[in-house]
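Report on the structure given below.
The values are calculated or read from the model by the stated rules, or taken from the named source; none is laboratory data. Please read these numbers as outputs of a predicted model, since none were measured by experiment. Glycine gets a Cβ as well: all are built from the backbone with ideal geometry, and neighbour counts include every protein chain shown. The area values use the complete protein model at the heavy-atom level, side chains included, leaving out ligands, DNA and RNA. Shrake-Rupley method; radii C 1.70, N 1.55, O 1.52, S 1.80 Å.
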Amino acid sequence: MVCSITKNQLIDLLSFPSQLIEEELEDLTEDCPHELRFAGEDKKCLACDFEDECQWLSRNDDFSPLNLRSIPELVDALDTAITYVRGDVIAWGHESGCGCQVCDWLRKAQQVYDSIDLNHFQVDSTELTRKHPDIR
C-alpha cells in the first residue's frame, strides 16, 4: 500500500500521456493556428473535434507550470489521462497482459490513482501522506 505520493511523482506520470497526445495530434499541427495549444477565445478551438485533448495538453504538458498546480489538480489531470489512454488501449485492441509502453504506463498510473483517496491523505504542497498509515 502506498503511504505517500509526491507531487513530482504525479508530474512524472503526466509526462507520458502528454507525449502520447502530442504524437497522436502531430499531423494536425499544420491545420491548427495555435499549434495544438487551446485558445478559449478562438471560436475554431471551441468547435474543434480535438478541443478536449488540446485543453488537457495546454494545462498538462512539459511547458505548463505543473509544479505550481495543487496536488488535487494533478490527481484530476491523472484521472483524465488514464481515461484517455484507456480509450486508446481499447481502440487498439490491446489485451490485458500487454507489455507495451502504453499498457505499462496505464497499469502503473491506475495503481497510483487507485491508491489515492484524498479523504485519507494529508495534502501539503509537495506530498500526499497517509493520515493514518494503518488504514488501508
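Provide a single number: the residues in the stretch 77-123 that are modelled with pLDDT under 60 and in contact with a Lys or Arg (Cβ under 9 Å, 6 or more places away or on another chain). Total meeting the criteria: 4. The criterion of being touching a Ser or Thr at 6+ places or on another chain (Cβ under 7 Å), within 22 Å of T6 (Cα to Cα) and either at pLDDT below 90 or open to solvent by 20 Å² or more (accessible area, probe 1.4 Å) (or both) holds for D62. Restricting attention to the stretch 71-100, the residues that are open to solvent by 20 Å² or more (accessible area, probe 1.4 Å) and in contact (Cβ under 8 Å) with a residue 12 or more places away in the chain add up to 6.
Condition check ((1) in contact with a Lys or Arg (Cβ under 9 Å, 6 or more places away or on another chain); (2) assigned to a helix (DSSP H, G or I)) across all residues:
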| position | (1), (2) |
| --- | --- |
| N8 | no, yes |
| E30 | no, no |
| H34 | yes, no |
| F38 | yes, no |
| E53 | no, yes |
| S58 | yes, yes |
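Condition check for E24 on (1) under 21 Å from W105 (Cα atoms); (2) open to solvent by less than 50 Å² (accessible area, probe 1.4 Å): one failure, at (2).
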